[in-house]
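The values are calculated or read from the model by the stated rules, or taken from the named source; none is laboratory data. Just so you know, these numbers come straight off a predicted model, no measurement behind them. Positions of Cβ are backbone-derived with ideal geometry, glycine not excepted, and every protein chain shown enters the neighbour counts.
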């Protein structure tokens, strides 16, 4: 019924509208469509996809494109009238086809027929040959190490060497640093038709870097084969005002006090990128003067402070001034850019500082989920250090002003119970647990750092930590149990030592606070 | 002088009158049974002269003036006046007064003359229903009323799906059935159609609004036969015959083997085949014959009697209906009875009662047609005897090459039966203190008690066809509903032109369900003596619940007509339901209708075209409350929780459902315009109607916001958020005529309705899952129950066609396609074949429904034919998958040749493939969609009434009828009608259900 109604309506419509159909497709120029192929010869391989492309235009409007190749079982009509609601006067042909795996022929010809709305046609032909190359060239040796130069270096040159191979032949190897306008193309072949080329090639060129441009620039090493298949590596060229130190320390004490500690002074700051550092620091007293030094023990040979003439810049000069932290009981975040010797500084309050443990856990309150079962029971949450187990910690005392800061005193030597006077201590930091369950939340030294640096990374092993840790904490954290270890120190003089531990910073330091009464 | 002349004339007249007196004699018979009327009064009009008819219905009346008028009368028959005109013999056939019912139509809480109807109400006489032998009288109504869509499967005891004028809600489509004033739910299986006097279908809201909250799907009023004053009359009706199903033509073992292996070979795979190789055509198991009967018995008997006097009337009947399933097990039988009596105490008070007890019994009919068709024919029914065990259910064979369960074994294990006892009682009293003022009070009780038992034995055929522990279950379910209806009706005619009928009423209804279910596992043996729950030894389970709902209603109606030309009817019902909370508990359902009898106007008096022309229009609001009794409240249910490192389970509770305290009724607003016409001395009658129903506040379940934390599986809540529309037209044309001994009638009714979901819960409702997808998508703004899938665009005939089936830029649309696979259309031309390329590929509801009814009688022979059909509906024929052999299942005979096996060999059935990597059969696509239009001959019946000279005092009629003898359709599945059943949002999917069988019956009617 529905069909018959439709047919009736259609016939009626066709009868009534028959005259208007012609008027829709009135000729404009009556010319055949114009057709320009991107290439008339496509080189491909059996089992691979190739793409036929070209530009088509017709002022009357394009009706369809037919691609015909009986050997490839290809008879495709792209009917633009069906595909588009509006008449297409220009069309970018781009049609991909895959040569069947079982193909045995070496070449085909695809006939392309363009038909416009007036029924006029234009034909073209694309030759498809089975001599393509879909194998990328390969680097046999790469150049991926960053080039780091201080602009004052006497030698601003660098030698770049890399090698490549290709199954069918190489066209060229190239080094490209667009921002420094350095581009060196090493042609491998002299064949203008690119039919032949060596299958192996080595690029070895020395470049001279400018001294008037500071920054970090991308360098590309590129290998291109005869069929324009290319592979690219990249690295950075860094031209800076100082060297990129592996480690940089924040010194908040005069040079002569740098070695008064057992560990933790000066404080290691974060090396976040090439010549980029970030320091977070709790400033207890207003007016603290700080410097940044690459050498833990001394202000020489380099001590980075504020520029004497421009306080917003850094300086390595002897007259560099300390950076003064003016706000007491405040956390500071200082970002250093040693490429151009600039820095920025911001403060955030104790309240805004993030705890490493879960929000519901409060030091000194029964907020620790003792059996990881939703609080049956909740037990007292306290942290401390221990050389045995979480059931036997020496609890840290919370600083009266800064709840993120804890301390504990320990007197050396101490007895091990067997009349041995111990002058060293091997410890980890953990929450307390009556049954000695491990790793709810704890802190360890990273194996990759020296113990003198006083960095303590947060670790948890309970339920992937989501129950005990604050996922927003971005201080030192370790997830791999094999990357952490207990830390050890030894004191040479008897006395009472105080260990300060800032849980927000993940930094600790051990200072002698009194001589031994013995 | 003048005085003398006058006296002379008078004398002459007296002499003449005396001289013209004659003796008149004759026989009076009844028109219904052609039997002599005993005790009928024959009287000379205007005199006291008269007599009564004798035992043979004969009479003789002397001294009757030649120009006298004789008045024939008796209780229960129309009084007839006959002019003598000098005749000495006057034989008369008296018409039963019951035929006046032709002129009276039952409406909600009252009756009205058919000619005075202002609403869309169709009336069908009981005798038109009784001719079809069926377990449910609604099946007999199919095709007889326009706008009524009835679909059914052939399963014994199944309830047909009845839709009146389309679908306006997703919450059930069944109309409300009211038997003798008592609402009885949505199944009238308990009625013997021989006991039905008439059925009225209230189609529009102006008629059904008087039933308020439950009238949104229309109302069907059923009036059972009542006693009539007069001598006691007996009637016996019997019909018996058999049913048969057309056997599907499935492959035999050799073709199965060939197709099975070819599926692998076509995919370049080694066949994994476990049966004997190279079997011949004669071998193999015919699973259809092993599972099904060739013929199934159906029989129906009814004995009734009725009679009465001017003080009391009575009527009673007892009936039996039995129907075997077409399977080798399964049947349904029912024993029904009806007692009806009315006593007239005086001119003011009368009382009566209808009492309808019943007993039904089911031995459940299996659902194994799919298995019988798809079971591997290389598998024998039983294992080799050497492998038999003590458990007889272990001795059946497991399919060698598929996962289809052995249907014969399934039947052997099936042990499920139900017994149901029911009683419908409707006592009433009627008081008419003043002429025209009637108070009627009726109490109705409808109670049913069902007991179901099921035993499933322990068995093991293999690890994928087994039951580790036997289980016995018992379910007891009781329904007890009562209804108290009180109405006060006042009818009065003023100045012979103003006819007024006022009705007011108050009703109370309560619906109660009680159920208890228990089960136990591991019965020690499968012995029939132990098929009881108590015999189980492990895992005792029990559950039970009481459910209640109630309604209180106030109703009123005014009917007025002026000089039977201008009619107006208005009604209102106020319903209060327990399903809603205080603020939304009550709702008002008003309705109004107008009619103009154009032929009653003066300017139509002299025209000879129309015998009747009436224009009607109506509007009304009805409601629907088909939701859970407790939908307004949140509930908690038993739930297990898992705690601790050992994942221990603990019994607890969880949110079971989310209540909505703001729930209110669904409301359906309905408009109806109609015209009734009669021509050619009322031989041709035509009724045409247009209607539109739109629901508001349709109740739908909607997900709550996840932020509220409700469990996802129970987090839905009923809300009044939907809207639907059903719009359509109906046309009914009937012709009646008589030429001498030949009388005939022909009726055609057509109806069309479009069901549209205007607003749902914001997202489409998907139904009918299929291979991880859904077949049907009900979407806002679209017709409901439409199939939604990919467009199958024929088959790839060669590699060139596959290569051409790409996107604009050569994107491969069907990477796994091979010649012989289905080409699916990339409708959005984006170069990817995905969900965005799906579209509506078929509609389950028809564009047009057709009913054709014809009958003729010549002398003692009568013949009738009924046809019913639908046009423009589609069926999603999943059985087309029987061409695939997927999973090692059996295929249609000739599947290999039907399936593509070379260029040009098929354009529809795809190639055989074991992997179906192109997803020919796995996708929801138009490949499965077929035109489901059909025209079915519902019944052909021929009868012969023996001459009364042979049968003396009784009337004897024999008949032969064929039900569903043929169907005209293009549909390739077993039954387009059975495929059209299902809930309104999931219709039209053919899962190989039980088709409607052909039935051949001999009938006998005796009246005396």
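Can you confirm whether region B:92-104 contains a residue that is modelled with pLDDT of 80 or more and more than 30 Å from residue B:238 (Cβ to Cβ)? Outline the logic, then answer.
The first filter runs over region B:92-104 and keeps only residues modelled with pLDDT of 80 or more, leaving B:92-94.
Now restrict to residues that are more than 30 Å from residue B:238 (Cβ to Cβ): B:92.
Scanning region B:92-104, I find at least one residue that is modelled with pLDDT of 80 or more and more than 30 Å from residue B:238 (Cβ to Cβ), so the answer is yes.
Out of region B:373-395, which residues are in contact with a strand residue (DSSP E or B) (Cβ under 6 Å, 6 or more places away or on another chain) and touching a residue at least 24 places away in the same chain (Cβ under 8 Å)?
B:373, B:393, B:394
Output the number of residues of region B:787-804 satisfying the condition of being in a loop (DSSP other than H, G, I, E, B) and facing chain A (nearest Cβ under 8 Å).
Residues of region B:787-804 in a loop (DSSP other than H, G, I, E, B): B:791, B:796-798.
In the following step, the residues that additionally are facing chain A (nearest Cβ under 8 Å) were identified as B:798.
The qualifying residues number 1.
Run down B:781, B:820, B:762, B:807 and say which single residue is out of contact with any helix residue (DSSP H, G or I) (no Cβ under 9 Å at 6 or more places or on another chain), within 30 Å of residue A:50 (Cβ to Cβ) and more than 14 Å from chain A (Cβ to nearest Cβ).
On the way: B:781 fails: within 30 Å of residue A:50 (Cβ to Cβ); B:762 fails: within 30 Å of residue A:50 (Cβ to Cβ); B:807 fails: more than 14 Å from chain A (Cβ to nearest Cβ).
The unique qualifying residue is B:820.
Go through (1) closer than 22 Å to residue B:835 by Cβ; (2) surrounded by fewer than 20 Cβ atoms within 10 Å (Cβ to Cβ) one by one and return the number of the condition residue B:799 breaks.
(1)
Any idea which of (1) outside any strand (DSSP E or B); (2) within 13 Å of another protein chain (Cβ to nearest Cβ) is the one residue A:78 doesn't satisfy?
For residue A:78, the exception is condition (1).
Which numbered condition trips up residue A:460, out of (1) touching a residue at least 24 places away in the same chain (Cβ under 8 Å); (2) surrounded by 20 or more Cβ atoms within 10 Å (Cβ to Cβ)?
For residue A:460, the failing item is (1).
Can you tell me which of (1) under 22 Å from residue B:107 (Cα atoms); (2) buried (at least 16 other Cβ atoms within 10 Å of the Cβ); (3) in contact (Cβ under 8 Å) with a residue 60 or more places away in the chain is the one residue B:568 doesn't meet?
(2)
So which strands (runs of 3 or more DSSP E) are wholly in region B:934-993 and hold at least 3 residues that are buried (at least 19 other Cβ atoms within 10 Å of the Cβ) and either more than 20 Å from the chain's Cα centre (by Cα) or touching a residue at least 60 places away in the same chain (Cβ under 8 Å) (or both)? Working first, answer last.
Details: elements: B:934-945, B:955-963, B:967-969.
Here the list reads B:934-945, B:955-963.
Got a number for residues in region B:606-645 being more than 14 Å from every other protein chain (Cβ to nearest Cβ) and either touching a helix residue (DSSP H, G or I) at 6+ places or on another chain (Cβ under 8 Å) or outside any loop (DSSP other than H, G, I, E, B) (or both)?
Total satisfying the criteria: 22.
Of all the strands (runs of 3 or more DSSP E) wholly in region B:405-473, which have at least 2 residues that are under 18 Å from residue B:390 (Cα atoms)? Let's see the steps before the verdict.
Details: elements: B:416-434, B:437-456, B:459-462, B:465-467.
Filter on region B:405-473 gives B:459-462, B:465-467.
Please pick out the residue among B:1006, B:968 that is farther than 24 Å from residue B:321 by Cα and modelled with pLDDT of 90 or more. Show your work before the answer.
Numbers: B:1006 fails: farther than 24 Å from residue B:321 by Cα.
After applying the criteria, what remains is B:968.
Which condition number does residue B:980 fail, the rest of (1) at pLDDT 90 or above; (2) touching a strand residue (DSSP E or B) at 6+ places or on another chain (Cβ under 6 Å); (3) under 30 Å from residue B:726 (Cα atoms) being met?
Status for residue B:980: all satisfied but (1).
What's the number of the only condition in (1) away from chain B (no Cβ under 13 Å); (2) assigned to a strand (DSSP E or B) that residue A:86 fails to meet?
Here residue A:86 clears every test but (2).
Being within 14 Å of chain B (Cβ to nearest Cβ) and within 16 Å of residue A:404 (Cβ to Cβ) is the filter here, so list the residues in region A:358-373 that pass it.
Hits for region A:358-373: nothing passes.
From the list B:169, B:134, which residue is at pLDDT below 80, part of a loop (DSSP other than H, G, I, E, B) and under 30 Å from residue B:843 (Cα atoms)?
Values: B:169 fails: at pLDDT below 80.
Exactly one of B:169, B:134 is at pLDDT below 80, part of a loop (DSSP other than H, G, I, E, B) and under 30 Å from residue B:843 (Cα atoms), namely B:134.
Which residues, taken from region A:243-294, are at positive phi and more than 23 Å from the chain's Cα centre (by Cα)?
Hits for region A:243-294 are A:264, A:287.
Can you name the residue in region B:872-930 that is in contact with a helix residue (DSSP H, G or I) (Cβ under 9 Å, 6 or more places away or on another chain), within 14 Å of chain A (Cβ to nearest Cβ) and assigned to a loop (DSSP other than H, G, I, E, B) and, of all such residues, is surrounded by the most Cβ atoms within 10 Å (Cβ to Cβ)?
B:873
Given the criteria buried (at least 18 other Cβ atoms within 10 Å of the Cβ), over 13 Å from residue B:923 (Cβ atoms) and either within 14 Å of chain A (Cβ to nearest Cβ) or modelled with pLDDT of 95 or more (or both), does residue B:826 qualify? Break it down into steps so the answer makes sense when it comes.
Working: buried (at least 18 other Cβ atoms within 10 Å of the Cβ): yes; over 13 Å from residue B:923 (Cβ atoms): yes; either within 14 Å of chain A (Cβ to nearest Cβ) or modelled with pLDDT of 95 or more (or both): yes.
Yes; evaluated as a whole, the condition is true for this residue.
Of the residues A:49, A:71, A:138, which single one is away from chain B (no Cβ under 14 Å) and in contact (Cβ under 8 Å) with a residue 24 or more places away in the chain? Give the steps one after another, and end with the answer.
Values: A:49 fails: away from chain B (no Cβ under 14 Å); A:71 fails: away from chain B (no Cβ under 14 Å).
Residue meeting the stated conditions: A:138.
So which residues in region A:222-244 are part of a strand (DSSP E or B) and over 14 Å from residue A:165 (Cα atoms)?
Pass one, region A:222-244, residues part of a strand (DSSP E or B): A:222-225, A:230-240.
Within region A:222-244, A:233, A:234, A:235, A:236, A:237, A:238, A:239, A:240 meet the criteria.
When you look at residue A:35, is it closer than 19 Å to residue B:802 by Cβ, in a strand (DSSP E or B) and touching a residue at least 60 places away in the same chain (Cβ under 8 Å), yes or no? Give the steps one after another, and end with the answer.
Working: closer than 19 Å to residue B:802 by Cβ: no; in a strand (DSSP E or B): yes; touching a residue at least 60 places away in the same chain (Cβ under 8 Å): yes.
No, not satisfied.
Answer yes or no as to whether residue B:842 is buried (at least 16 other Cβ atoms within 10 Å of the Cβ), within 13 Å of another protein chain (Cβ to nearest Cβ) and either in contact (Cβ under 8 Å) with a residue 60 or more places away in the chain or in a loop (DSSP other than H, G, I, E, B) (or both). Talk me through it step by step, then tell me what you get.
On the way: buried (at least 16 other Cβ atoms within 10 Å of the Cβ): yes; within 13 Å of another protein chain (Cβ to nearest Cβ): yes; either in contact (Cβ under 8 Å) with a residue 60 or more places away in the chain or in a loop (DSSP other than H, G, I, E, B) (or both): yes.
Yes: the conditions hold for residue B:842.
Does region B:847-854 contain any residue that is buried (at least 23 other Cβ atoms within 10 Å of the Cβ), part of a loop (DSSP other than H, G, I, E, B) and within 14 Å of chain A (Cβ to nearest Cβ)? I'd like the intermediate steps shown before the answer.
First, the residues of region B:847-854 that are buried (at least 23 other Cβ atoms within 10 Å of the Cβ): B:849, B:851.
Going one step further and asking which of them are part of a loop (DSSP other than H, G, I, E, B), we end up with none.
Checked region B:847-854: no residue is buried (at least 23 other Cβ atoms within 10 Å of the Cβ), part of a loop (DSSP other than H, G, I, E, B) and within 14 Å of chain A (Cβ to nearest Cβ).
In region A:322-334, is there at least one residue being crowded, with 19+ Cβ neighbours inside 10 Å and over 18 Å from residue A:286 (Cβ atoms)?
No, there is no match, as no residue in region A:322-334 is crowded, with 19+ Cβ neighbours inside 10 Å and over 18 Å from residue A:286 (Cβ atoms).
Consider residue A:108 carefully, then state whether it is within 14 Å of chain B (Cβ to nearest Cβ), buried (at least 16 other Cβ atoms within 10 Å of the Cβ), farther than 30 Å from residue A:219 by Cα and in contact (Cβ under 8 Å) with a residue 40 or more places away in the chain. Show your work before the answer.
Numbers: within 14 Å of chain B (Cβ to nearest Cβ): yes; buried (at least 16 other Cβ atoms within 10 Å of the Cβ): yes; farther than 30 Å from residue A:219 by Cα: yes; in contact (Cβ under 8 Å) with a residue 40 or more places away in the chain: no.
When the stated conditions are applied, residue A:108 does not pass them.
Residues that are free of Cβ contacts under 8 Å to residues at least 24 places away in the same chain and either over 19 Å from residue B:153 (Cα atoms) or part of a strand (DSSP E or B) (or both): does region B:353-364 have at least one? Lay out the reasoning, then the answer.
Let us first name the residues in region B:353-364 that are free of Cβ contacts under 8 Å to residues at least 24 places away in the same chain, namely none.
Within region B:353-364, none of the residues are free of Cβ contacts under 8 Å to residues at least 24 places away in the same chain and either over 19 Å from residue B:153 (Cα atoms) or part of a strand (DSSP E or B) (or both).
Checking the conditions here, which among A:64, A:96 is within 14 Å of another protein chain (Cβ to nearest Cβ), more than 25 Å from residue A:47 (Cα to Cα), in a strand (DSSP E or B) and touching a residue at least 12 places away in the same chain (Cβ under 8 Å)? Let's see the steps before the verdict.
Working: A:96 fails: more than 25 Å from residue A:47 (Cα to Cα).
The conditions single out A:64.
Would you mind stating whether residue B:515 is crowded, with 16+ Cβ neighbours inside 10 Å and touching a strand residue (DSSP E or B) at 6+ places or on another chain (Cβ under 8 Å)?
Numbers: crowded, with 16+ Cβ neighbours inside 10 Å: no; touching a strand residue (DSSP E or B) at 6+ places or on another chain (Cβ under 8 Å): yes.
Taking the combined requirement at face value, the residue does not satisfy it.
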